[in-house]
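The values are calculated or read from the model by the stated rules, or taken from the named source; none is laboratory data. Just so we're clear, the structure is a prediction, and the values are computed from it rather than from any experiment. Positions of Cβ are backbone-derived with ideal geometry, glycine not excepted, and every protein chain shown enters the neighbour counts. These area figures cover heavy atoms from the full protein model, side chains too; ligands, DNA and RNA do not enter into them. Shrake-Rupley method; radii C 1.70, N 1.55, O 1.52, S 1.80 Å.
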Amino acid sequence: MIATYSDLKDKVILVTGAARGIGKSIALALAAQGAHVVFNYRGDEAKAAALKEELEQAGGKATGLKFDVTDYEAMTKALDEFTKNVAPISGLVNNAGISKDTLLLRLKPEEISSIIDTNLKGSMMVTQALSRNFLRAENVSIVNMSSIVGLMGNASQAAYAASKAGLIGFSKSVAKELASRNVRCNVICPGFIQTEMTDALNEKAKEEYSKQIPLARFGSTEEVASLTCFLLSKASGYMTGEVIKMDGGLYI
Amino acid sequence: MELQEKVIKLVAEATKMDAANISLNTSFVDDLNLDSLDMVELMMKMEDTFGVEIPEDETENLKSIGDVVTYIKTKSH
């Protein structure tokens, strides 16, 4: 169940990592609100075209831009072209992320780099690349997808947790730096959400995890999308620098 | 209107100051109390108005109204 926010209609919002999981639900929810969803894709033109069509069918406008969040040059070029020639972007969801579970003692430097580069540096660079545009746009809202793991830590996820915790410090700084320009920046920390990432867990592991969750179930991507819509809308206009857990009570 | 007047008018509007109190010697930081974000925004307005590009690292050298007028003059020729 996702509330309708009238100000999201025609709002131009970039969602990174919209191909699947939480990002896809967010893109679809925004399209259903009539927003103009901008998404990035890395190379698969056919998949990008299919996503564009799906978003348009959901009721929104959609534009796919070809760039990887770790490629600053390509990203800046694509975003500059879009914001100059099409429209300023007034919403950003930094959602692209990767995870690789490894014990600290087996964690390789290149694995740390790839996780930090995508999850933390990628989000920072997209936000940076759009910051001039944000000064021209109105009612800008940025939503950064962290993780409950960024708050509570998790065995085998040292690098992932570090990248997600880093996003929180980054978001609070952006919130302070741009508040005078009415640019807001908030963070969502999802807990266990039903996605391909968690589908890969075996049944027993899922049961074990569910036992630790007071609401005794995994969350849905739609529930995260619902909060994201709220944070992008003026309905949350007095919130910035906030970190919101959505974890069924896991980290109380 | 001369370039100098146009720049002063734009700065006066952006900072809500009286144009009569702004001259070529007026400093953005010392006299107008602009912070770095104000400067970026002001330079973006200059870019839009005068059709020149003012790169980020150039902004640091533009300390007074006169500096900006000179910069725009050299770039628009």
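Computed from the C-beta positions of A:Asn154 and A:Glu56 and an R0 of 56 Å, the FRET efficiency is 0.90 to the nearest 0.05.
With the simple spin-label model, which puts each label point 7 Å out from Cα in the Cβ direction, the B:Leu24 to A:Lys211 separation comes to 8.1 nm. Amide H contacts for A:Gly219 (H built 1.01 Å from N in the peptide plane; partners 5 or more residues away or on another chain; cut-off under 5 Å): A:Phe192, A:Ile193, A:Gln194.
For region A:135-149, accessible area lost to neighbouring protein chains reaches 50 Å² or more, against the chain alone with a 1.4 Å probe, at A:Leu135, A:Arg136. The HN-Hα couplings worked out from phi for region B:13-27 by the Karplus form 6.51 cos²θ - 1.76 cosθ + 1.60 (θ = phi - 60°) are 5, 5, 9, 6, 9, 7, 4, 5, 8, 10, 10, 4, 7, 5, 8 Hz, whole numbers, x standing for Gly and Pro.
Rounded to 0.05, the FRET efficiency of the B:Lys6 and A:Glu73 pair, given R0 = 30 Å and the Cβ-Cβ distance, is 0.30. Of the trypsin sites (Lys or Arg not before Pro) found in region A:169-241, those that fall in a DSSP loop while having at most 16 other beta-carbon atoms within 10 Å are A:Arg217.
The modelled label-to-label distance for the pair A:Thr4/A:Tyr238, using points 7 Å beyond Cα in the direction of Cβ, is 2.6 nm.
On chain A, 53 percent of the accessible area sits on carbon and sulfur atoms, based on a 1.4 Å probe. Computed over protein heavy atoms with a 1.4 Å probe, the accessible surface of chain A works out to 49 Å² per residue. Here the spin labels are modelled as points 7 Å beyond Cα on the Cα-Cβ line, and at B:Lys73 and A:Ala200 they lie 6.3 nm apart. Interface area, chains A and B: about 800 Å² of buried accessible surface, summed, with a 1.4 Å probe and ligands, DNA and RNA left out.
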